[in-house]
Amino acid sequence: MLNRSVITMAVALVLGFSASIVSAEVKIAVVDVQTAILNSEEAKRLLNQIQEEFAPEEEKIRGIQSNAARILERLQKDAEVMSDSEKRRLQQEIESLNNDFVYERQKLQKSIEGRQTELFSGVDQRVQKAIEELVLSEDYDMILPRQAALYVGDLYNITRKLTEKLNELDSGR
């Protein structure tokens, strides 16, 4: 009888101890880092800067595109009254403009990517610092990338908080 009550008490203690461990709340959050960065004021400013910086090249590309469209329209409209040599010349001109368009577009894309890399260097450290501050202030046990979860309720998504923290850090610089 005594053994049975000792065993019962031991089981109750183990169950009570394990229940307190299970009931300890783990605070988990998810964050879409890319969205948080792109929504930050600093990123918007840098993207505007890049857009302004490469506006002349964009305009040049639009000009090439409109010239090709104008020639193509002329070719389609007047094809019946044009000589074969005139049609070939216009087709070659369209092809040349298309090649120019592709070349200029690729060149611009490379330039933009290089400039973005240059301007956004150091963002990793700011994001890491912002996440660390969120962990400390909000007492998170774990923050996962949004892409790691199939579904996340709004309660656990702290992307907006990370954007706000990045804005706060950037305004303090």
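Give me, ordered by chain and number, the residues 5 or more places off residue 30 or on other chains with an amide H under 5 Å from its own placed amide H. Correct list: 144, 157, 158. Scanning the chain for long hydrophobic helices, with DSSP H runs required to stretch 30 angstrom or more by C-alpha along their axis and to average at least 0.0 on the Kyte-Doolittle scale, returns 2-23.
When shorter helices are ignored and each DSSP H run of at least 4 residues is given -39500 (n - 2.57), the per-residue value for the chain at 222 nm works out to -25500 deg cm²/dmol.
For the peptides 94-102, 114-122, 33-41, the ranking by mean Cβ contacts within 10 Å, running from highest to lowest, is 33-41, 94-102, 114-122. At the listed q of 0.14, 0.21 Å⁻¹, the Debye profile of the range 25-171, built from one uniform point per Cα, gives log10 I(q)/I(0) equal to -0.77, -1.18.
Annotated for the chain: lysine pairs at least 8 residues apart or interchain, Cα distance under 27 Å, count 16. When the range 25-171 is described by a simple charge dipole with +1 on each Lys and Arg Cβ and -1 on each Asp and Glu Cβ, the residue from 28, 140, 152 located farthest towards its positive end is 152.
Rounded to the nearest 20, the Cβ-based charge dipole of the chain about its Cα centre (Lys and Arg +1, Asp and Glu -1) stands at 360 debye. Put in line by how crowded their Cβ is, counting other Cβ atoms within 10 Å and starting with the fewest, 82, 142 read 142, 82.
Based on Cα contacts under 8 Å between residues 6+ apart, the chain shows a relative contact order of 47 percent. At full extension, residue 52 and residue 141 could sit 27.8 nm farther apart than now, given 0.36 nm per residue minus the alpha carbon distance.
Quick note: the coordinates plus some simple rules give every number you see, no bench work behind them. Quick caveat, the model's predicted, so the values are computed rather than measured. Glycine also receives a Cβ, built like all others from the backbone with ideal geometry; neighbour counts cover every protein chain displayed.
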